[in-house]
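Here the structure comes first, spelled out in structure tokens, and everything after it is commentary.
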Amino acid sequence: MLPKRFPDRDEVGAVRAEAETLEPGAEAGDKRRLAGRVMGRREMGKLVFLDLVDRSGRIQLLCDTARTGPVNIDLGDIVGVIGSPARARRGEPSLAVDGLELLAKIQRPLPDTFHGVTDVETRYRQRYLDLLVNEQTRADFDLRTRVVTAVRRHLDDAGFLEVETPVLQPRYGGGFAEPFVTHYNTLDADYYLRIATELYLKRLIVGGLEKVYELGKDFRNEGLSYKHVPEFTMVEWYEAYTDYRDQMERVERLVESVALETIGGTIAAYRGHEVDLKAPWRRVKLVDALAEQGLWTRDPDELRSRLNERGVDTSRDRSWAQLVDHALSHFIEPALIEPTILHDYPVELSPFAQATDEDPTIVERFEYFVGGTELGNAFTELNDPDEQAARFEQQAAEVGGEPGDPDYVEALAYGMPPTGGLGLGIDRLTMVLAGRDNIRDVVLFPALRERS
């Protein structure tokens, strides 16, 4: 029967560092206990060389069968070993093994450990194999974890309070999106998986918490692309007594800080471009960007005609707002390579933002882009309950618009201070920092169709 535990083990990386200080052919007197998976095996007479891997790194095991007895270990087995840090005659940091114990037996052969898992579908469907044999995959997901930690640290240090709000909601809100619907048996009511945390977080601003954030999963029952998955990770924060210009500065500082902490600088290689995440970023008004492309008009028929002339299928666009969004995604976003803040949006696209002082048809909203990919969205939040109720009615009239939320309007009636709010996609930020072109490369277990 195989052991149930292997206590008091050391990390491979730490023991390797010890071994690197030794002269070639030397062996330390101290004993170390390592455990991990065997990812290489070579034999030379009575010497068996094994490559042992754990999360911290890789080390060579020197197994002299006169010292250890027969080494009945296969590639992929999980073992525990006791031995001394050593350095092979050729200089390889190693562990000179005294004893070796099988902890788990592999039942199926590993993929090619030299080339790794190269089939994309296998990498996504059997992520455990991808992690086992592809060192770069392990590095990418280590980076993702450090990105999350760095985001939290930055916001915590800025005085924000991390909170948790419902994933199952009686009404969904926070943007244009098709929700997932489920049924709450106890309440005998349909509920929705949240598409955003926005409306609950702003209730907390009304409640006096002033600076709050939530980092977690959101769900949108929509299509797949290189930058879209239906289940994704977002951080949203809301800060009382600020506006969208304050949030422009905050997100610039946060992304720069996270880059410095995780990749050691602000230069990232993403989608064939080298981009510099250092603050401040370029800022462009949406209307100016559309006008530069000859696509700014408030006449829906004229805008549809201009898009059709350029080969854009507008057959599913039922409103001027949807046509503008189509123009934005086709002709503006792909050109925003260097970090860019696109700001001041038509009110029809932004039900929760306050109007600018200069033009009531334009609201204080921005989205920000890197390498042609949107990373997030921000507003000067609407805090007038009557105006919010009217905006809900306007949204409900839009195809795909969300229903109103009377309880949220009621909360606003108790008074919400001036507030700036922002959402940041953790998956997309990780794509930029890891230099990955597909969002499924930074999601451990992406949703896939069943094999036929």
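The values are calculated or read from the model by the stated rules, or taken from the named source; none is laboratory data. Nothing here was measured: the structure is a model prediction, and the numbers come from that model. Note that we place each Cβ from the backbone using ideal geometry, even for glycine, and neighbour counts take in every protein chain shown. Just the protein is used for accessible areas: all its heavy atoms, side chains included, with ligands, DNA and RNA removed. Shrake-Rupley method; radii C 1.70, N 1.55, O 1.52, S 1.80 Å.
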Return a yes/no flag: does the stretch 251-267 have any residue that is modelled with pLDDT under 95, part of a helix (DSSP H, G or I) and surrounded by fewer than 18 Cβ atoms within 10 Å (Cβ to Cβ).
no
Consider A177 against the criteria (1) without any contact (Cβ under 8 Å) to a residue 60 or more places away in the chain; (2) in a loop (DSSP other than H, G, I, E, B); (3) within 30 Å of Q394 (Cβ to Cβ): it satisfies all of them except one. Which criterion is unmet?
(1)
Among I332, I337, which is the only one that is under 30 Å from L433 (Cα atoms), assigned to a helix (DSSP H, G or I), among the β-branched types (V, I, T) and out of contact with any Cys (no Cβ under 8 Å at 6 or more places or on another chain)?
I332
Looking at R123, R153, R171, R144, which is the one that is open to solvent by 80 Å² or more (accessible area, probe 1.4 Å), in contact with a Ser or Thr (Cβ under 9 Å, 6 or more places away or on another chain) and not small (G, A, S)?
R153
Specify which of the listed residues (Y241, Y184) is open to solvent by 60 Å² or more (accessible area, probe 1.4 Å) and in contact with a Gly (Cβ under 9 Å, 6 or more places away or on another chain).
Y241
The stretch 274-288, residues that are loosely packed, with under 13 Cβ neighbours inside 10 Å and of a type outside the set (D, E, K, R)
P280
Among (1) crowded, with 18+ Cβ neighbours inside 10 Å; (2) under 27 Å from Q136 (Cβ atoms); (3) among the charged types (D, E, K, R), where does R87 come up short?
(2)
Residue set R365, R391; condition modelled with pLDDT of 95 or more and either charged (D, E, K, R) or assigned to a loop (DSSP other than H, G, I, E, B) (or both); output residue R365
Going by what's in this entry, would Y172 be described as of a type in the set (S, T, Y), more than 23 Å from F369 (Cβ to Cβ) and assigned to a loop (DSSP other than H, G, I, E, B)?
yes
I'm trying to understand the selection: among the residues of the stretch 56-76, which are in a loop (DSSP other than H, G, I, E, B) and surrounded by fewer than 17 Cβ atoms within 10 Å (Cβ to Cβ)?
S56, G69, P70, N72, D74, L75
What do you reckon, is R5 free of Cβ contacts under 8 Å to residues at least 12 places away in the same chain and open to solvent by 40 Å² or more (accessible area, probe 1.4 Å)?
yes
Can T122 be described as free of Cβ contacts under 8 Å to residues at least 40 places away in the same chain and under 30 Å from R440 (Cα atoms)?
yes
